Amino acid sequence: MSREAVVEAILAADRVTAICHENPDADTLGSALALRMAAERLGKTVEVVAADPVPPLLSGLPHASEVRTAPALEPDLALVTDGPPSRTGAVARDCAEWLSRARIVNIDHHVSNDGSEAAVAWVDADAAATCEMVAQLIPELGVDIDTDIATVLLAGIVQDTHTFAHPNATPRTLRVAADLVEAGAPLSAIHRSIYADKPFSTLALWGRILAGAAERHEGRIVFAVMSASMLRETGTDPVASEGFIDLLASTKAADVTVLFKEADPSGIRVSVRTSARADAVAITSAFGGGGHARAAGCTVEAPLDQAVRRVLEECERELDRADARGR
């Protein structure tokens, strides 16, 4: 499928429900909010849905306060952003009948998404963020990108590139971002909101996580654990861990960096970052996860100690495979 097919699907719809993935980040939320604003200007009835709450660091984005936890419109077009429909958490589980009556369009940049879960799919693994893709899509709908749309789109690009520090930021990414800044998106303020303006409780949590960091495989694997007790002790919730994996991944000798998050009863959430000598998707796909070659995630349905052991063993296997390939 292609961008043109997505444009045709949006233009043909009367009601549009933009759906974020579970535990929404700036990329899925920014994409959904931008599509909402664009579709409204085309005269359509639109809503944005996310099963989990919008994290505080993104609550100031335009229209973020209006995100619903379940669809309220009658089914027409379901725009799933930044992941396949199965990644929408409670929406996929609790609204399966609603989704079965909607036409599903999927816009994503994750290489692990084959697009098979949607009637129309546009997956561009070369894009640094789904927001980068949506920034190219909206003008083709005949809608100008104003300050509000530019702001939510740039937020997604900033978070998925760590403000252009990750290797996924391409010349196209930078050109798209420059156009968004020119349209009025406040780059400095967005960066501060996502990466700098943290409450003391978050710093306290990070301190506890960092104090327990460890390494194995001769220092090529670095990992840390965020336990439920750490959250209770610091009075924080799981979203406070956002961004910590990037700090951990700054370890010079590490080829694989892993953060284990004991956040909810559904299992242990795992974030993986790798150097060019290892494939994060190869690690997380062993547990039903996915993402990008350098950054991926999964959920392991096991107690914390078992999840740590199993994932680290898979990390070691991936490094052995990489060494055998001569990486």
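The values are calculated or read from the model by the stated rules, or taken from the named source; none is laboratory data. Note that this is a predicted model, so its numbers are computed, not measured. No Cβ is skipped: glycine too gets one built from the backbone with ideal geometry, and neighbour counts run over all protein chains shown. Side chains are part of the model used for accessible areas, which takes the heavy atoms of the whole protein and leaves out ligands, DNA and RNA. Shrake-Rupley method; radii C 1.70, N 1.55, O 1.52, S 1.80 Å.
Would you check if K261 is crowded, with 18+ Cβ neighbours inside 10 Å and charged (D, E, K, R)?
yes
So, of the residues in the stretch 230-243 that are at pLDDT 95 or above and open to solvent by less than 50 Å² (accessible area, probe 1.4 Å), which turns out to be nearest to the chain's Cα centre (by Cα)?
Among residues in the stretch 230-243 that are at pLDDT 95 or above and open to solvent by less than 50 Å² (accessible area, probe 1.4 Å), the one nearest to the chain's Cα centre (by Cα) is L231.
Can I149 be described as more than 28 Å from L77 (Cβ to Cβ) and within 19 Å of the chain's Cα centre (by Cα)?
Judged against the criteria, I149 is not a match.
From the residues in the stretch 311-321 that are over 13 Å from F223 (Cα atoms) and in contact with a strand residue (DSSP E or B) (Cβ under 9 Å, 6 or more places away or on another chain), which one is surrounded by the most Cβ atoms within 10 Å (Cβ to Cβ)?
E318
Scan the stretch 225-242 residue by residue and report those that are part of a helix (DSSP H, G or I) and either touching a residue at least 40 places away in the same chain (Cβ under 8 Å) or of a type outside the set (D, E) (or both).
Of everything in the stretch 225-242, those that are part of a helix (DSSP H, G or I) and either touching a residue at least 40 places away in the same chain (Cβ under 8 Å) or of a type outside the set (D, E) (or both) turn out to be A228, S229, M230, L231, R232, T234, P238, V239, A240, S241.
Are any residues in the stretch 22-47 touching an Asp or Glu at 6+ places or on another chain (Cβ under 7 Å), under 18 Å from V239 (Cβ atoms) and open to solvent by less than 30 Å² (accessible area, probe 1.4 Å), and if so, which ones?
The answer is P24, D27, T28.
Give the residues of the stretch 166-194 that are over 24 Å from S59 (Cα atoms) and not hydroxyl-bearing (S, T, Y), sorted by residue number.
Of everything in the stretch 166-194, those that are over 24 Å from S59 (Cα atoms) and not hydroxyl-bearing (S, T, Y) turn out to be H166, P167, N168, A169, P171, R172, L174, R175.
I want to confirm something. Restricting to the stretch 148-170 and keeping residues that are among the β-branched types (V, I, T) and not in a helix (DSSP H, G or I), which single residue is nearest to V272 (Cα to Cα)?
Among them, the one singled out is T163.
Determine which member of the set P186, P171 is of a type outside the set (A, V, I, L, M, F, W, C), surrounded by fewer than 14 Cβ atoms within 10 Å (Cβ to Cβ) and either touching a His at 6+ places or on another chain (Cβ under 9 Å) or at pLDDT 95 or above (or both).
Within the list P186, P171, the selection yields P171.
Since I145 meets every condition but one in (1) touching a strand residue (DSSP E or B) at 6+ places or on another chain (Cβ under 8 Å); (2) within 20 Å of L11 (Cβ to Cβ); (3) open to solvent by 30 Å² or more (accessible area, probe 1.4 Å); (4) not charged (D, E, K, R), which condition does it not meet?
Of (1) touching a strand residue (DSSP E or B) at 6+ places or on another chain (Cβ under 8 Å); (2) within 20 Å of L11 (Cβ to Cβ); (3) open to solvent by 30 Å² or more (accessible area, probe 1.4 Å); (4) not charged (D, E, K, R), only one is false for I145: (1).
For the stretch 56-133, which strands (runs of 3 or more DSSP E) that fit wholly inside it have 3 or more residues that are within 17 Å of the chain's Cα centre (by Cα) and surrounded by 14 or more Cβ atoms within 10 Å (Cβ to Cβ)?
Counting at least 3 such residues, we get 77-81, 103-108.
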